[in-house]
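So the structure is just underneath, and the comments pick up after that.
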Amino acid sequence: MNSSQHGLAVALFAVIVLVTLGITLWAGRRGQAAEEFYTGGREFSPLQNGFALSGDYLSAASFLGVTGLIALYGYDGVLYSIGFLVAWLAVLMLVAELVRNAGRYTLADVLALRMRQRPVRAAVGSASVVVTLLYLVAQMVGAGSLVALLLGTGNGSAKTWAIVGVGALMIVYVTVGGMKATTWIQIIKAVLLVAGSLLLTALVLIRFHGDLAELMRAAARGSGAGEAFLQPGLKYGTGAASRLDFFSLGLALVLGTAGLPHILSRFYTVPTARAARRSTMWAIGLIGGFYLMAIVLGLGAAALVGSAAVRAANPAGNTAVPLLAQVLGGGAASTGGVLLFALISAIAFATILAVVAGLTLASSAAFAHDLFARAWRRENERQVTERQEVVVARIAAVVIGALAIVLSLFAQRLNVAFLVGLAFAVAASANLPTLLYSLFWRRFTTRGAVWSVYGGLVPAVLLVLFSPVVSGSPTAVFPALDFHWFPLENPGLVSIPLGFLAGWLGTVTSREPADPDKYAELEVRALTGAGAA
C-alpha cells in the first residue's frame, strides 16, 4: 500500500479510538461507587450482556489467531475453534446462574461465602491476576502484528509502539469508565465483528459460487500441503507428544472458559440469575455463528492469499484475515482492496481494545477487592471504604497495564490463539476446580480451596516456563536458549488434574472441618437467589 492508502487505514483506526474514548468519558460521569465501577450498576439486559459476553470472548485470538491457524494448518486449526465453542456448554450448565447468585464482584466472593476469607481471597485473587495477564499479552501481541501490517513494516519499533499505545488506551478505559464503558465498548465491538465477518464470509462464498467443496479444494492447493491440509495431523499429528499436546490444549479450552475471571465477572452486570442464563444463551448463538464463519475465512485465506503469503506476512498467521480482505476487495493496488483491508483491520483493532479493557478491569478488581481490601487486611484492622477500594482498583489498572506491555514485548513471535490457550490452561487448573468443589462438594474446606488454587496455578506456570514455548524452539520467547524439559506446549493435561487432586488432598487432610451451615447458605443463595446482590 502507498502512503495515502496507509492514511485511510490509520484514519479508521483513529475513528475507532475516538468513539471508544467518547463512550469512556460519558460512562465515567455516571457514578464512582464500587458497584458502578465493577458491575455498571447491574443495569444491562440479557441481550446487551450476551453481546458483551461474546465481545469479551471473541478476542484477537478468535478473529486473528484462529483464522490464521486454519489458514496455515487446515483441519487442525478447525479443531482449535471447536474447543472455544464447546466450552460455553459448561458455562451455561454449571456456573452462569450459580455464580451470579452467589457472588458480588469477583470469583473470590463466591468462595468466601463458606471459607475463611483471607487465605482464599489471597489465592484466588493472585490466580485471577495471572490468568488475565496471560490473556492481555495475547491481545497486545495481536495489536502489534496488526499495526505493523497496516503500516507496511515488519520492524520491531512499529509493533512496540502499537503495544504501548493499546496498553495506554486500556488503562484510560478502565480508570475513567469502569464496567459501564467497558460493556458498551464490548457491545459495539461485537456488532462490528459479526458484521465484518458476515461481509467477508459472503464475499468468499460468492467467489466460489457457494461451493464449499471447491473452496476446500482451493484451500488445499493454496496451502502447499495438498490433501494433508484437509486431514488431521498437519500441526498436531507428527508424533505422540504432538497428539498429547493437542489433547492438552483441547482440555484447557473446554474447561478454561468457566474459570476466566473476566467472563465470570460479566454475570454480575445483569440484575438476576435468569438474566445471566439468558445472556449466556445469546452469547452461545453469537459465538457459534462467528466460529462457523471463521472456518470459511481461514479456508478462504489459504485459497485466495495462500498459506505461504500468510506465513510471510506473519509467521504465526495473525494477519490472515486482513490479507484476505485485501484480496477480496480487488487486491493491494485497488481502492476496494484498500477500503476492505482498512475496515477489517479497524474492526480487529476494536476487538483488541474491547477485550483488553475487560481483562484489565477484571484483574484490577481482583487486586483491589480481593487482595488489597480483604486478603491483606487483619481482622482487627480498619476496613477499606468503597471509595478507597475503587481508587486502588484504578491504580492497579495502571500497574497491570504497564506489566502487560512489558511482557508483550517479549512474546511477539507467538500466535495469539496459542497464548490464549495458555491462559485457558491456567484458569482451568487453578480457578475451575476450586469453583466446582465450592459449589458442589459439601466437605470442601478452606485448606482444600487454597491447595486447589496453588496446586493448579504453580504447576501450570512452571510447566510453561520449562516448555518449548519459552526456550528450545525457533518460535520460542528465547530462541537462542534451551532449558526446556517439559515436552508439551500446553500444560493443561498435567496441571488441570493436579488442581483437582490438590483440592481433594487439602480437604481430606484438613483439621478444620467444613461448616455445614455455611454450605447450606451458599446452596440456598446459589439455587434460589435469596440474599444475592
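The values are calculated or read from the model by the stated rules, or taken from the named source; none is laboratory data. Since the model is a prediction, treat every value here as computed from it, not as a measurement. Neighbour counts are summed over all protein chains in view; Cβ atoms, including those assigned to glycine, are modelled from backbone coordinates with ideal geometry. All accessible areas refer to the heavy atoms of the entire protein, side chains included, with ligands and DNA or RNA removed. Shrake-Rupley method; radii C 1.70, N 1.55, O 1.52, S 1.80 Å.
Taking the stretch 198-240, which residues are over 16 Å from VAL305 (Cβ atoms) and of a type in the set (A, V, I, L, M, F, W, C)? Those that are over 16 Å from VAL305 (Cβ atoms) and of a type in the set (A, V, I, L, M, F, W, C): LEU198, LEU199, ALA202, LEU205, ILE206, LEU212, ALA213, ALA228, LEU230, LEU234, ALA240. Residue count for the stretch 61-84 satisfying the condition of being surrounded by 24 or more Cβ atoms within 10 Å (Cβ to Cβ) and either among the basic types (Lys, Arg) or over 14 Å from the mean Cα position of the chain (by Cα) (or both): 10. The condition of being among the aliphatic types (A, V, I, L, M) and open to solvent by 80 Å² or more (accessible area, probe 1.4 Å) holds for only one of LEU493, LEU481, LEU522, that being LEU481. If you check PHE341, PHE367 for being open to solvent by 10 Å² or more (accessible area, probe 1.4 Å) and either at pLDDT below 85 or over 15 Å from the mean Cα position of the chain (by Cα) (or both), only one passes: PHE367.
Out of THR528, THR509, THR446, THR434, one residue alone is open to solvent by 20 Å² or more (accessible area, probe 1.4 Å) and either at pLDDT 90 or above or within 30 Å of SER408 (Cβ to Cβ) (or both). It is THR509. Might you check whether a residue that is under 30 Å from ARG121 (Cα atoms), out of contact with any His (no Cβ under 8 Å at 6 or more places or on another chain) and either of a type in the set (S, T, N, Q) or surrounded by fewer than 22 Cβ atoms within 10 Å (Cβ to Cβ) (or both) occurs anywhere in the stretch 210-225? No: the stretch 210-225 contains no residue that is under 30 Å from ARG121 (Cα atoms), out of contact with any His (no Cβ under 8 Å at 6 or more places or on another chain) and either of a type in the set (S, T, N, Q) or surrounded by fewer than 22 Cβ atoms within 10 Å (Cβ to Cβ) (or both). Condition (residue is open to solvent by 40 Å² or more (accessible area, probe 1.4 Å), part of a helix (DSSP H, G or I) and among the hydrophobic types (A, V, I, L, M, F, W, C)) applied to the stretch 50-60: is it met by at least one residue? Within the stretch 50-60 (the criterion being open to solvent by 40 Å² or more (accessible area, probe 1.4 Å), part of a helix (DSSP H, G or I) and among the hydrophobic types (A, V, I, L, M, F, W, C)), the answer is yes, since at least one residue qualifies. Of the residues making up the stretch 297-316, those that are open to solvent by 10 Å² or more (accessible area, probe 1.4 Å) and part of a helix (DSSP H, G or I) number 9.
I'm trying to understand the selection: among the residues of the stretch 477-533, which are more than 27 Å from the chain's Cα centre (by Cα), over 24 Å from THR445 (Cβ atoms) and among the β-branched types (Val, Ile, Thr)? The answer is THR528, and nothing else.
What residue, among those in the stretch 144-161 that are open to solvent by less than 10 Å² (accessible area, probe 1.4 Å) and either touching a Gly at 6+ places or on another chain (Cβ under 8 Å) or at pLDDT below 75 (or both), is farthest from LEU407 (Cα to Cα)? Don't jump to the end; show me each part of the working.
From the stretch 144-161, those open to solvent by less than 10 Å² (accessible area, probe 1.4 Å) are 144-146, 148, 150; that's our starting set.
Right, trim to either touching a Gly at 6+ places or on another chain (Cβ under 8 Å) or at pLDDT below 75 (or both) and you get 145-146, 148, 150.
Details: SER145: 15, LEU146: 18, ALA148: 18, LEU150: 23 Å.
Only one residue tops the list, namely LEU150.
For the stretch 317-335, what are the residues that are within 13 Å of LEU200 (Cα to Cα) and either among the hydroxyl-bearing types (Ser, Thr, Tyr) or part of a helix (DSSP H, G or I) (or both)? ALA320, VAL321, PRO322, LEU323, LEU324, ALA325, GLN326, VAL327, LEU328 - these are the residues of the stretch 317-335 that are within 13 Å of LEU200 (Cα to Cα) and either among the hydroxyl-bearing types (Ser, Thr, Tyr) or part of a helix (DSSP H, G or I) (or both). State the number of residues belonging to the stretch 370-379 that are of a type outside the set (A, V, I, L, M) and either surrounded by 20 or more Cβ atoms within 10 Å (Cβ to Cβ) or assigned to a helix (DSSP H, G or I) (or both). Of the residues in the stretch 370-379, 3 are of a type outside the set (A, V, I, L, M) and either surrounded by 20 or more Cβ atoms within 10 Å (Cβ to Cβ) or assigned to a helix (DSSP H, G or I) (or both).
Restricting attention to the stretch 416-465, the residues being out of contact with any helix residue (DSSP H, G or I) (no Cβ under 8 Å at 6 or more places or on another chain), farther than 30 Å from THR319 by Cβ and of a type outside the set (Val, Ile, Thr) number 2.
When LEU260, LEU249 are checked against the criterion of being open to solvent by less than 20 Å² (accessible area, probe 1.4 Å), under 17 Å from ALA425 (Cα atoms) and at pLDDT below 90, LEU249 stands alone in meeting it.
I want to confirm something. Restricting to the stretch 490-529 and keeping residues that are among the acidic types (Asp, Glu) and outside any helix (DSSP H, G or I), which single residue is farthest from ALA275 (Cα to Cα)?
Looking only at the stretch 490-529, we keep the residues that are among the acidic types (Asp, Glu), and these are 512, 515, 517, 521, 523.
From the residues that got through so far, the ones that are outside any helix (DSSP H, G or I) too are 512, 515.
Working: GLU512: 37, ASP515: 31 Å.
Among residues in the stretch 490-529 that are among the acidic types (Asp, Glu) and outside any helix (DSSP H, G or I), the one farthest from ALA275 (Cα to Cα) is GLU512.
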